[in-house]
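The values are calculated or read from the model by the stated rules, or taken from the named source; none is laboratory data. What you are looking at is a predicted structure, and each value in this text was computed from that prediction instead of being measured. Please note: Cβ atoms are built from the backbone with ideal geometry, for glycine as well, and neighbour counts cover all protein chains shown. Heavy atoms of the whole protein, side chains included, go into the accessibility calculation; ligands, DNA and RNA do not. Shrake-Rupley method; radii C 1.70, N 1.55, O 1.52, S 1.80 Å.
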Amino acid sequence: MTNAPSDASARRAIAPVVCYPNESLPDPNLARLLKARETAHKTGEVLVPPRDARCFEVPAGHFFRITSVDGPQVGDLNLWNLTDLSERFYSGKTRALHGTHVTTGERLWSSFPYMRPMATIMADTLGWYGIDEFGGSVHDVIGTRCDPYTGNLLSGTQYHYCCHSNLTRALADHLDIPLGEAEPMVHDVLNVFMCTGFTRDTGQYFMKASPVRPGDYLEFFAEIDLLGDLSACPGGDCSSEHSSDTAVCHPLLVETFAPADGTLKGWESPATSRYDRTHGR
């Protein structure tokens, strides 16, 4: 470790500046969406088995809900534009705009060059959790997804039912394409129900037992036509480990709902970024 300079304390004492003040972000008009949700009717459901993943589709202007049904369970969520899979969820920019964890009224943003809301969080039964004494919170966009490559690097394992592999299999099956074509489309996730943070002393990513219980849910409004892919993580509630068959795991339920006719009259999907893409040329 290098020796601290004489003005080290003064340098550390400089106040931080938020990189992306978000007061000017488009208003999702949550009150209007919640009103439309009151009369929406269920159109389908997908049960995601433990240590596996399933895909689902949600038309623009519809709602979808992810629910813990049998026991504490976290899930890893990928989203794509259903009609153009090159547009996908951008966890890093979502984190930069909203913070390390997301909740009601915040949005999941898409990748460049599209850069628009893909889904708006409508309801979060774990919204009460806040930030705990360890710096942990729920529904993170800081982690990636448990994967066989990191597992192999750290412990030499060949584990096939981590979230990356689960998402890859489900996407390949849904699109009827080879695994090798599906895998590059799998991307960093929204860790639904997962309780995470960074250690104060070493800055390492940590997980702890999720506060989720059966009946808890996270609900979204689809801003564009969506293809979703959800893995029920092999870590279960992520209280001890993942990427193994040790943890107790449970299924997750995805339900979709259509708004009643006229309740979203005049609503349109958000436009893609207005940046001219000339990049200085």
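At a glance:
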read-out: Any hit, the range 125-137, residues being open to solvent by less than 30 Å² (accessible area, probe 1.4 Å) and farther than 20 Å from residue 195 by Cβ; value: no
read-out: Matching residues, the range 187-197, being assigned to a loop (DSSP other than H, G, I, E, B) and touching a strand residue (DSSP E or B) at 6+ places or on another chain (Cβ under 6 Å); value: 187, 189
read-out: Meets criteria (open to solvent by 10 Å² or more (accessible area, probe 1.4 Å) and either among the hydrophobic types (A, V, I, L, M, F, W, C) or modelled with pLDDT under 95 (or both)) for residue 77; value: no
read-out: In the range 240-273, the residues that are surrounded by fewer than 18 Cβ atoms within 10 Å (Cβ to Cβ), free of Cβ contacts under 8 Å to residues at least 60 places away in the same chain and over 26 Å from residue 122 (Cα atoms); value: 240, 241, 246
read-out: Listing of helices (runs of 4 or more DSSP H) fully contained in the range 1-98 that carry 3 or more residues being within 20 Å of the chain's Cα centre (by Cα); value: 91-98
read-out: Residues that are surrounded by fewer than 18 Cβ atoms within 10 Å (Cβ to Cβ) and within 21 Å of residue 50 (Cα to Cα), drawn from the range 160-186; value: 160, 173, 174, 179, 183
read-out: Odd one out for residue 71, checked against (1) small (Gly, Ala, Ser); (2) touching a helix residue (DSSP H, G or I) at 6+ places or on another chain (Cβ under 8 Å); (3) surrounded by fewer than 18 Cβ atoms within 10 Å (Cβ to Cβ); value: (2)
read-out: Search result, residues across the range 30-54 that are touching a strand residue (DSSP E or B) at 6+ places or on another chain (Cβ under 6 Å), closer than 19 Å to residue 258 by Cβ and open to solvent by less than 30 Å² (accessible area, probe 1.4 Å); value: 33, 40, 44
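The rows are residues; the columns are (1) among the charged types (D, E, K, R); (2) at pLDDT 95 or above; (3) touching a Phe, Trp or Tyr at 6+ places or on another chain (Cβ under 8 Å).
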{"site": "26", "(1), (2), (3)": "no, no, no"}
{"site": "42", "(1), (2), (3)": "yes, yes, yes"}
{"site": "68", "(1), (2), (3)": "no, yes, yes"}
{"site": "117", "(1), (2), (3)": "no, yes, yes"}
